[in-house]
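Structure first, commentary second.
The values are calculated or read from the model by the stated rules, or taken from the named source; none is laboratory data. Note that the coordinates shown come from a computational prediction; the quantities given were computed from them, not determined experimentally. All Cβ positions, glycine included, derive from the backbone under ideal geometry; neighbour counts span all protein chains shown. For the accessible areas, the whole protein counts, side chains as well, though only heavy atoms, and no ligand, DNA or RNA atoms are used. Shrake-Rupley method; radii C 1.70, N 1.55, O 1.52, S 1.80 Å.
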Amino acid sequence: RWHKDYLLLCFKKAEDTGVDFIISSYYEVDEDGNRNEGKQIPEKFILNDWLLYNPGLLCSNMFFKSNSFKTLGGFDSKLSVSGDRDVMIRSMEKKFKYKVLKKKIVFYSIFTPGLSRARLFKYLNSNMRFYFKHFFKMSFKIHFLSLKKFIYVFLSYNYNLIKKMFVFLINLL
């Protein structure tokens, strides 16, 4: 959800600074409506941050000038998850300029398990597409950490099934 002045504040910031896009700070809002501080969005990002995780960009806290977004080619429709990370990586490659709007004017709803991870295989498939799309930009360390992340997510979502299989196998012995 956006603050009522979201578009106006982003527009003014973009016009005043001449940047290609604005990233707004945000609150995370839980299922009970409680506000928590969102990620602290840094003034400067490095590529490796985006290759492994998302340090603070949401589809809803990006405000692009239309010409810049067209130049970028918009969102990659094949990435149902990590599209925000992909947009930032491509923006960095094009050397787009951005500013962070410190005022928290986005209210990001956090659900359990969340929209991004509600469907495990959709989540993993989209993240694998992201991984292979940006494969050659990644260091060995990022490759290793990405694999570790995929395994962790898969195991955490299938914990009960794996536990039952393990117990079954133990009982066979």
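Quick rundown of the values:
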| read-out | value |
| --- | --- |
| Pair list, Cβ under 9 Å, 6 or more apart: the stretch 6-17 residue at negative phi and assigned to a helix (DSSP H, G or I), other residue of a type outside the set (D, E) and open to solvent by 90 Å² or more (accessible area, probe 1.4 Å) | L9/K103; T17/K97 |
| Selected residue (criterion: modelled with the lowest pLDDT) from residues of the stretch 59-84 that are assigned to a helix (DSSP H, G or I) and open to solvent by less than 20 Å² (accessible area, probe 1.4 Å) | G83 |
| Which listed residue, of R119, R129, is at pLDDT 90 or above, open to solvent by 70 Å² or more (accessible area, probe 1.4 Å) and out of contact with any strand residue (DSSP E or B) (no Cβ under 8 Å at 6 or more places or on another chain) | R129 |
| Subset of the stretch 1-46 that is under 14 Å from the mean Cα position of the chain (by Cα), at pLDDT below 90 and of a type in the set (A, V, I, L, M, F, W, C) - its residue that is nearest to K137 (Cα to Cα) | F45 |
| Some residue of the stretch 51-66 being without any contact (Cβ under 8 Å) to a residue 24 or more places away in the chain and basic (K, R) | no |
| E43 vs. criteria open to solvent by 40 Å² or more (accessible area, probe 1.4 Å), of a type outside the set (A, V, I, L, M, F, W, C), closer than 13 Å to Y108 by Cβ and in a loop (DSSP other than H, G, I, E, B) | no |
| Residues (assigned to a strand (DSSP E or B) and in contact with a Phe, Trp or Tyr (Cβ under 7 Å, 6 or more places away or on another chain)) located in the stretch 25-36 | Y26, Y27, E28, V29, R35, N36 |
